[in-house]
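The values are calculated or read from the model by the stated rules, or taken from the named source; none is laboratory data. Owing to the predicted nature of the structure, the values given are computational and were not obtained by experimental measurement. Note: ideal-geometry Cβ built from the backbone for every residue, glycine included; neighbour counts use all protein chains shown. Note: accessible area is taken over every heavy atom of the protein model, side chains too, but ligands, DNA and RNA are not part of it. Shrake-Rupley method; radii C 1.70, N 1.55, O 1.52, S 1.80 Å.
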Amino acid sequence: MRHTIVLIHRYIGLTMAGFLLVAGLTGSLLAWNDELEAAISPHLFFVTPPAPDARPIDPLALRERVVERYPNARVINVPLKVEPDRAIAFFMEGPTVPATGEPAELPDNQVFVDPYTGEVLGARRWGDITQGLKNLMPFVYRLHYSLALGTAGIYLMGAVALLWTADCFAGVYLTLPLRRRMRPAEDRERKPWLARWWPAWKVRWQGGAYKLNFDLHRASGLWPCVMLLVSAWSAVGFNLPEVYRPVMSAVFTLQYGEDQLPELPRRQFEPGVSWANAREIGRELMAVEARTKGFRVMEEQELSYDPEKALYFYYVSSDRDIQHHWGATWVAFDANTGERRAAYLPTGEAGGDTIGTWLMSLHMAAVFGMPMKLFVCGMGLAVAMLSVTGAVIWWRKRAARRAHGRRSGDGTTA
């Protein structure tokens, strides 16, 4: 059995190595996404209030100004939370293409606005690296999520995440001490099992290049093994919800999620309910949810419209959220009638969603502040090192097998 698991670990590892190298390095950068975005493009992200007591313009009024500035675009989200020294970013989509019924591509689909003056500070086509450094971090995100290959890349990285999840168990198993049959006298001197496992956690810095590489590979997979599994399985959740949800629902309870809400046969590009009325409906529905389910709303986050489902989504931060940066508590309602369709609480409502919220938040370093960012950054580097050291181990063992095959005359090269 051990030999079989060695082969599984070897070839799954080789299959994943290049992908995990990219994912690890980009993940290390994404742990600092907000800080790097602001440092690279301060003119897009920072504003100066005109006076210490200046009040920002209503975000819905800012949306109208963006619509006036870009008459051929549709603004599909409105951030409702305004930070004192930060710009507001609006996402847009293009007009309908009659032949396809889909929105046209825009030269820029994200615009940054000064919340105090309504001035447009700049725009970008999110993730288009040809526009320069202002899109560096969005492009890094695209590499991390899909290798910048669109839908095909999303599924490809999801498949890699599935293999990675399985390999987490195989890798730990192979570090366990071997069971050996021992004579009675030897058995009396045998070390306890944990003592025999302890060398797998250590690195022999003075043992030569091969031993150092091997120990780095083994120890860097053992020490963060729980977080590696968290990263792998949460990546399945991000990229392959078709696999993640059935598995989680087989073990835990799940709420009726956003991806379970049905889509329309054809997009409805304009909502029947105005954005101003939609915000009021969202507030009322969320207040009902809070009273019914016993949670507290902290602050508004966002109002967005989904033309594929003709639904508004009203997001808030609540005491059921664990992320320090944004809220994932939401209520969805019909964009034509205002009728409630679904609601979601990140924790406390369904066991599977509580676990999933923690998995996703740990993956994105969205909890525990700076220490978690440092840890996730280090985790990304560890994943990259696992890929490199694993490939080196395979290459050296392959070279040794080939040399042995030549000496024995059987031509073995596998």
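Restrict the check to the range 43-53 and report whether at least one residue is at pLDDT 95 or above, outside any loop (DSSP other than H, G, I, E, B) and not aromatic (Phe, Trp, Tyr).
yes
Six or more apart or on different chains, Cβ atoms under 6 Å: show the pairs whose first residue is in the range 403-414 and modelled with pLDDT of 50 or more and whose second is hydroxyl-bearing (Ser, Thr, Tyr) and part of a loop (DSSP other than H, G, I, E, B).
From residues that are modelled with pLDDT of 50 or more, the pairs are 405/412.
Here are some conditions: (1) more than 27 Å from residue 156 (Cβ to Cβ); (2) out of contact with any Pro (no Cβ under 7 Å at 6 or more places or on another chain); (3) open to solvent by 20 Å² or more (accessible area, probe 1.4 Å). Residue 268 meets all but one. Which one does it not meet?
(2)
Can you tell me which of 122, 118, 101, 132 is of a type outside the set (A, V, I, L, M), on the phi > 0 side of the Ramachandran plot and open to solvent by 20 Å² or more (accessible area, probe 1.4 Å)? If you could, list the steps in order and put the result at the bottom.
Working: 122 fails: open to solvent by 20 Å² or more (accessible area, probe 1.4 Å); 118 fails: open to solvent by 20 Å² or more (accessible area, probe 1.4 Å); 101 fails: open to solvent by 20 Å² or more (accessible area, probe 1.4 Å).
Only one candidate passes the filter, namely 132.
Please go through the range 272-294 and pick out each residue that is part of a helix (DSSP H, G or I), crowded, with 16+ Cβ neighbours inside 10 Å, aliphatic (A, V, I, L, M) and over 27 Å from the mean Cα position of the chain (by Cα).
Result: 278, 281, 285, 290.
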